[in-house]
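Engineer: Pasting a structure below so you can have a look.
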Amino acid sequence: LPSHLCPMHFFLIAALLVVLSAAFGYVNIRLFRLPNTIGLMLVAILFTVGLFLTSAIDDTLLRHTEDMVGEIDFKTMVLDIMLGFLLFAGAMHTDWDQLKEQRWPILVFATVGVLTSTFLVGALSHWVFAAIGHPVAFIHCLLFGALISPTDPIAALGVLKQAGVPKKLETKIVGESLFNDGVGVVVFLTILSIATGKASDDHLVSEVLKLFGVEVFGGIAFGALLGWVTFRLMRSINDYEIEVLITLACVMGGYAAAHMLHLSGPLAIVVAGLIVGNERLRGLSMSDRTEEFVDKFWHLVDVLLNALLFVLIGLELLIVDFTTEVLLAGGLAIVLVLVARYLSLLVPVHLFAKRLEFLPHTATLMTWGGLRGGISIALALSLPAAMEREFLLAVTYVVVVFSILGQGLSLGKLAKRLLGTGGQVPSVK
């Protein structure tokens, strides 16, 4: 077999990523003491910058690292391998009662909000990119809007655990992130099918609605079935080893089946995870010992894959082509993405604020807490080269890095400043 297809070659790359993740994690704990997801990515970026600086003396290590990163199919690794595990782990530990109470605003945020933000970002970026001398076709700007609008549950979960925001607000941000991820992927694929001419002009609207409806609602229904079957299987036995294996089969088998059925795998896994992790159903399907082992297993999976993902995001700096024009476009894109997200949240927040007693400054905090992550980069990498892939990838990378480092590190301080200190939340007037 060629070296790039050799199983041992894959193992060596995986081994090196795990070693780097452990080393970067150690450096973060010893020197920076940042939340693990943020710290790992920051150390990875500093590592790549160090490689660029030392290449002036000897570029051997830089070339080897570039070759390794170039051989990693980031899109496949994130969207087809990691995403299902991370979403299931996140959904399992989401507060079901809070999520149920906030279900309607979360649904609107994840659907109407994503669509609104997609078109706002698309329109604004089309104007901004042209203004700086790099015009991009409107349909391609819409693709950029679709890939950058969904907030990343992986990034959000990692940061919110340590940000100290009130539980109600955390549920909104996490719940929206879990669902708008799957919706965002469907919106992106729908616009991509239009851009590539795969959708027939004669029945464009009907085909788009059909694709969106089948992917989203079909994925949710399939996830409910998957979660119910998993619950029934776990309830019928009492063996923690096999029950952990059943949850693993739920994720891997369910994600693969959803893909084969052309349904949204992310949405299916989120719904399945919410059902399996439901506090009331846990008491019926798991013994205390099983619950302990299931939680510890998925916590470890979450920690490991999060570490690998954020190290990979940092290392992707090696293959992104940065220019002054790209940095300018990226800086402007940060502003317009935040503006578009704030505007897309205003109407839903206003509609539900009184009935559900939203906290003050909810729109502001959800805007700043809506982090972008690996999913946006993976979608940008899936763009055809003719659709300004290199330019949009670099701009996406700038937005993602600012989102995780800038917004992620300041979210807790912003929440304390707007909502008060000492964990006291002011009453809603």
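The values are calculated or read from the model by the stated rules, or taken from the named source; none is laboratory data. Keep in mind it's a predicted model, so treat the numbers as computed, not measured. Methodologically, a virtual Cβ is constructed for each residue, glycine included, from the backbone with ideal geometry; neighbour enumeration extends over all protein chains shown. For the accessible areas, the whole protein counts, side chains as well, though only heavy atoms, and no ligand, DNA or RNA atoms are used. Shrake-Rupley method; radii C 1.70, N 1.55, O 1.52, S 1.80 Å.
Engineer: Sort through Leu414, Leu371 and tell me the only one that's within 27 Å of Val43 (Cβ to Cβ), modelled with pLDDT under 95 and part of a loop (DSSP other than H, G, I, E, B). Reasoning before the result, please.
Structural biologist: Values: Leu414 fails: part of a loop (DSSP other than H, G, I, E, B).
After ruling out the rest, the residue left standing is Leu371.
Engineer: Taking the range 277-297 on its own, how many of its residues are modelled with pLDDT of 95 or more and open to solvent by less than 10 Å² (accessible area, probe 1.4 Å)?
Structural biologist: Final tally of qualifying residues: 2.
Engineer: Might you check whether a residue that is over 21 Å from Phe297 (Cα atoms), open to solvent by 30 Å² or more (accessible area, probe 1.4 Å) and either in contact with a Phe, Trp or Tyr (Cβ under 8 Å, 6 or more places away or on another chain) or among the small types (Gly, Ala, Ser) (or both) occurs anywhere in the range 74-90? Write out each step before concluding.
Structural biologist: Going through the range 74-90, the residues over 21 Å from Phe297 (Cα atoms) turn out to be 74-76, 79.
This time we only want the ones that are open to solvent by 30 Å² or more (accessible area, probe 1.4 Å), so: 75-76.
Right, trim to either in contact with a Phe, Trp or Tyr (Cβ under 8 Å, 6 or more places away or on another chain) or among the small types (Gly, Ala, Ser) (or both) and you get none.
Within the range 74-90, none of the residues are over 21 Å from Phe297 (Cα atoms), open to solvent by 30 Å² or more (accessible area, probe 1.4 Å) and either in contact with a Phe, Trp or Tyr (Cβ under 8 Å, 6 or more places away or on another chain) or among the small types (Gly, Ala, Ser) (or both).
Engineer: Name the residue, out of Val335, Val425, Val395, that is at pLDDT 95 or above, touching a helix residue (DSSP H, G or I) at 6+ places or on another chain (Cβ under 8 Å) and β-branched (Val, Ile, Thr). Outline the logic, then answer.
Structural biologist: On the way: Val335 fails: touching a helix residue (DSSP H, G or I) at 6+ places or on another chain (Cβ under 8 Å); Val425 fails: at pLDDT 95 or above.
Just a single option satisfies the conditions, and that option is Val395.
Engineer: Going through the range 37-61 one residue at a time, which ones are in a helix (DSSP H, G or I) and open to solvent by 20 Å² or more (accessible area, probe 1.4 Å)? First the steps, then the outcome.
Structural biologist: First, pick out the residues of the range 37-61 that are in a helix (DSSP H, G or I): 37-54, 60-61.
Hits for the range 37-61 are Leu42, Ile45, Leu46, Phe47, Val49, Gly50, Phe52, Leu53, Thr54, Thr60, Leu61.
Engineer: Next up: Would you confirm whether or not the range 23-34 contains a residue that is farther than 30 Å from Val271 by Cβ, open to solvent by less than 90 Å² (accessible area, probe 1.4 Å), out of contact with any Asp or Glu (no Cβ under 7 Å at 6 or more places or on another chain) and at pLDDT below 90? Outline the logic, then answer.
Structural biologist: Looking only at the range 23-34, we keep the residues that are farther than 30 Å from Val271 by Cβ, and these are 23-34.
Of the ones still in play, those that are also open to solvent by less than 90 Å² (accessible area, probe 1.4 Å) are 23-25, 27-28, 32, 34.
Pick out the ones that are also out of contact with any Asp or Glu (no Cβ under 7 Å at 6 or more places or on another chain) and you get 23-25, 27-28, 32, 34.
Those left that are additionally at pLDDT below 90: 34.
Taking every residue of the range 23-34 in turn, at least one turns out to be farther than 30 Å from Val271 by Cβ, open to solvent by less than 90 Å² (accessible area, probe 1.4 Å), out of contact with any Asp or Glu (no Cβ under 7 Å at 6 or more places or on another chain) and at pLDDT below 90.
Engineer: Looking only at the range 363-415, how many residues end up being basic (Lys, Arg) and either surrounded by fewer than 20 Cβ atoms within 10 Å (Cβ to Cβ) or within 15 Å of Leu315 (Cα to Cα) (or both)? Before you say what the answer is, go through the steps one by one.
Structural biologist: Here is the first cut: in the range 363-415, the residues basic (Lys, Arg) are 372, 389, 413.
Okay, now just the ones that are also either surrounded by fewer than 20 Cβ atoms within 10 Å (Cβ to Cβ) or within 15 Å of Leu315 (Cα to Cα) (or both), so 389, 413.
Residues flagged as basic (Lys, Arg) and either surrounded by fewer than 20 Cβ atoms within 10 Å (Cβ to Cβ) or within 15 Å of Leu315 (Cα to Cα) (or both) within the range 363-415 amount to 2.
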